[in-house]
Amino acid sequence: MMDHEQSHERGHASRSAGGAAESAQASIERCDLPIEGMSCASCANRIEKQLARQPGVVSASVNFATKVATVKFDPTTTRPADLADAVEDIGYRAIVPRPGGAFPQAHAGHDHEAPHEQREDHPTHLDAGAGETRRLLTRLIVGAVLSLPVLVIGMSHGRIEAFNAPWIHLLELALTTPVLFWCGARFFRSAWKGLLHFSANMDTLVAMGTGAAYLYSLVATIWPEFFAGVAGGHAAAGAHAVPVYYEAASTIIVLILLGKYFEARATGRTSAAIKRLIGLQPRTARIVRDGMERDVPVDSVVVGDVVLVRPGEKIPVDGRVESGASAVDESMLTGESVPVEKSAGSDVFGATMNTTGALRVVATKVGGDTALQQIVRLVQEAQGSKAPVARLADRISGVFVPGVIVIALATFAAWWFASPADTRLSMALVTGVSVLIIACPCALGLATPTAIMVGTGRGAESGILIRSGETLETAHKLSAIVLDKTGTVTEGRPSLTEVVPAPGTAEGDLLAIAASAEKHSEHPLAAAIVRGAAERGLRLDEPSSFKAVVGQGVEATVGGRAVLVGTRSLLEERGIRAASADRAQQLEKRGRTVMLVAIGGREAGLLAVADRVKSTSREAIARLRSMGLRVVMMTGDNEQTARAVAEQVGVDDVFAGVLPKNKADRVAALQQEGLVVGMVGDGINDAPALAKADVGLAVGTGTDVAIEAAGITLMRGDLRAVPDAIALSHATMRTIKQNLWWAFAYNVAAIPIAAGVLYPLTGWLLSPIIASGAMSFSSVSVVMNSLRLNRTAGR
């Protein structure tokens, strides 16, 4: 499940070429840098470009929603500290995570004194987000308390006599100044840094708008005579004749902080899946060392330690049961609610819940290697990635802020020349500030990443691990699904399906004797017969002699009688007539592998073995077909067996007799027909086809190689997870399109209204205060729409 860079599609290339590619890819490292100071999508776009142009950087992606930059780089050319310096050069702040740890990309402290120091006590970026939310709340409360009286004074319009005192503007100035320069310090600081680096962002818009209103009001307060010539001489009537906009400046800051606070809270909820996953990890483990039991921090457990798990406790690490029996709730891992029976030799996974019995477990994977930690890592990588649909928003937001500034200046100039002399300055100021405030592109920046965060988190909770935003987007375009048969549609191991005794032989006797004869055989078909006898509670005897006949079966002596189990030709070579041949042919047409049994020199019946179809496969395939997908089953089995299985599950298209090396070619052939192909498989031989497909879906019960080659990992062996994953993709993409439509439509409609195009018709101008509230509402609405995925995705 780890994000290996090597493409498994090239697994059959030459050793030298493969080795060179592997070496090159192995030198590429990944680093996640939490970023401080981002305020909108244009900030993220600028940081991304700055990182991408650094020497040794292979790729860079900045997620505005999570405030994290994901960089893949050559460690021989650059270091994370160098990347952080590059970010700081353009006015932002990057936190270098400490090396190692269970969650390497989650460490994101906010140590303002040591920006690049790798500290052991750095909190995760999730914790840092909570701290940022608390700081926003503090400044919001202070700003609201100070702004309220200013707003009341401003809205009175001089009708309240007490507010006409000569000192009233000085009071407004005193209350507004800390709101702007303490509560809103982040906006001015960021705008100044941007100015130093010849860039603009959302903070530039806010700082320009509120700063203009504040400076205008400040001059009107301490030097009203200045406006005598500028605004048509209305200052002659007295200082109070000059309008001030303290209430606009302070209330805008408060409303934007309010929007940022709600945005931070809502965005934090999009990371809820990761928080829940991290919280599943138990803090301590009870281990046996030097013959003594002791409780130790889970980080202290090493591979090979014996861990004791009591009923009702969480299993602390991945391991193998040494002794004991219990049922383990693995719903956090697979999404399945039914506990799984565990006994000696069974694999168990960290953070799953032991329910009924005590287990003694030998640790096999600890720390960042456990299944839980790898799931968290995979989800974080997916949430940090970008879907192709996001690139349009990125391009627009990259030029959006400078464009808005130009529109605001043009609006100011138009109203300056079009308005009467006594109101020209106030009209121009109100419209220009409104344009600056309402046009913030935050909603554009949040539209895609918030939906991807919620969608991938929702998938992880359902046992569907999506590797990237690109995979999530491509999955909704699928038009064909190719299903590997063995281990995907079927159980993946042969099982005894029929026991047909000859006249005069009891069914139980036939199976017990045949299983005893096969007891020492290593053939999978023999194992299926022995399991079938054990499931029926039959007692097996020890054969006194045993010989495997290659390609035909076995011969043994059980209870003093000669026993043959195998093909028709094996019996005929021993001079035994195969009377059940017709019945055997009927079963073979149904996809069974048939073995005839002879006891004491005469035929005693037959046994049929087959790889059973999973109970959920037919339902899953019916759902895929109802989604309009072409469903194809591919297998190396012969045509007869493949058709028999396909008929059981409702598949019409079958590729039979396909060699492992040709599976990718069959996928390519479907792609050449114009189909967008998803491949579902679980074995090593499926890896090239999984990599070749537009979307590879690996059944999580399969091999690591298959999982690494796939874009989506299904943690449970249930084929119903495939339509669930596709439905999740559809729901996520629908949400992204809704978000983008709202963000685009909002700005297209809002900017002209803020510029005053409705004034000639209605006499109505948009107040900067209303503009700031509307801007905040647009961002929060996008995040809340993304959170709806938690209720709808995957159903």
- With every protein chain kept in place and a 1.4 Å probe, the residues Arg53, Arg265, Arg643 fall, from largest accessible area down, as Arg53, Arg265, Arg643
- With Cβ to Cβ distances under 12 Å as the rule, what net charge do the other residues near Lys477 carry (K, R +1; D, E -1)? -3
- Once Glu322 and Gln586 are pulled to full extension, the length gained, defined as 0.36 nm per residue separation minus their Cα-Cα distance, is 90.6 nm
- Message: Probe radius 1.4 Å, ligands and nucleic acids ignored: give me the carbon and sulfur share of the accessible area of the range 279-364 as a rounded percent.
- Response: 52 percent
- Taking protein heavy atoms only, a 1.4 Å probe, and rounding to whole percent, the accessible area of the range 536-624 owed to carbon and sulfur comes out at 45 percent
- Query: What spacing in nm lies between the two simple spin-label points modelled at Met627 and Leu148, each 7 Å away from Cα in the Cβ direction?
  - Reply: 5.2 nm
- Note on the structure: The FRET efficiency for Ile141 and Ala413, from their Cβ-Cβ distance with R0 = 35 Å and rounded to 0.05, is 0.35
- Message: Over the range 572-723, with the other protein chains present, what is the accessible area per residue in square angstrom, probe 1.4 angstrom?
- Response: 41 Å²
- Greater than 21 Å apart at Cα, pairs in Lys49/Lys193; Lys477/Lys692; Lys72/Lys193; Lys342/Lys519; Lys663/Lys692; Lys485/Lys614: Lys72/Lys193; Lys342/Lys519
- Note on the structure: Length gained, Val748-Ala669, 0.36 nm per residue minus C-alpha separation, equals 24.0 nm
- Query: Which one of Ala502, Gly459, Val406 has its Cα pushed farthest toward the positive end of the charge dipole of the range 404-524, where Lys and Arg give +1 and Asp and Glu give -1 at the Cβ?
  - Reply: Val406
- Item | Net charge over other residues, Cβ less than 15 angstrom from the Cβ of Met292 (K, R count +1; D, E count -1) | 0
- In the neighborhood of Thr497, defined by Cβ-to-Cβ distances under 15 Å, what is the net charge if each Lys or Arg adds +1 and each Asp or Glu adds -1? +3
- Item | Sparse-neighbourhood loop sites, chymotrypsin sites (Phe, Trp or Tyr not before Pro) in the range 171-213 - DSSP loop, at most 13 other Cβ within 10 angstrom | Phe198
- Task: Work from the charge dipole of the range 624-775 (Cβ charges, +1 for Lys and Arg, -1 for Asp and Glu, about the Cα centre) and give the residue of Asn662, Ala691, Gly773 farthest towards its positive end.
- Result: Gly773
- Query: Roughly how many Å² of Met292 are accessible to a 1.4 Å probe, to the nearest 10?
  - Reply: 120 Å²
- Long-range amide H partners of Arg630, meaning residues 5 or more apart or on another chain whose placed amide H is closer than 5 Å, are Ala480, Ile481
- Go ahead and run the numbers for FRET between Glu88 and Ala52, Cβ-Cβ distance against an R0 of 25 Å, rounding to 0.05. 0.95
- Task: Give the ranking of Arg630, Arg539 by solvent-accessible surface, highest area first, calculated with a 1.4 Å probe.
- Result: Arg539, Arg630
- Expressed as a percent, the accessible surface of the range 723-790 that is carbon or sulfur, using a 1.4 Å probe and the full set of protein chains, is 73 percent
- Tell me, in nm to one decimal, what length is gained between Leu659 and Val219 on full extension, where the rule is 0.36 nm per residue of separation less the Cα-Cα distance? 150.1 nm
- Query: Are there trypsin sites (Lys or Arg not before Pro) in the range 576-611 that DSSP puts in a loop and that have at most 15 other Cβ atoms within 10 Å, and which ones?
  - Reply: Arg577
- Based on the Cβ-Cβ distance from Ser569 to Arg79, what FRET efficiency comes out when R0 is 56 Å, to the nearest 0.05? 0.25
- Message: Which residues among the range 451-486 fall inside the zone where the amide N is under 20 Å from a point 7 Å beyond the Cα of Leu280, along Cα→Cβ?
- Response: 453-468
- Query: Over what distance in Å are the Cα centres of the range 56-87 and the range 410-479 separated?
  - Reply: 25 Å
- Each label sits 7 Å from Cα toward the beta-carbon; between Ala174 and Ser59 the label points are separated, in nm, by 5.9 nm
- Calc'd 3J(HN,Hα), the range 756-764, phi into Karplus 6.51 cos²θ - 1.76 cosθ + 1.60 (θ = phi - 60°), Hz, glycine/Pro = x, comes to x, 5, 8, 4, x, 8, 10, x, 10
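The values are calculated or read from the model by the stated rules, or taken from the named source; none is laboratory data. Given the structure is predicted, the values throughout are model-derived calculations rather than measurements. Ideal geometry is used to build each Cβ from the backbone, glycine not excepted, and the neighbour counts take in all protein chains shown. Surface accessibility is based on the protein's heavy atoms, side chains included, excluding ligands, DNA and RNA. Shrake-Rupley method; radii C 1.70, N 1.55, O 1.52, S 1.80 Å.
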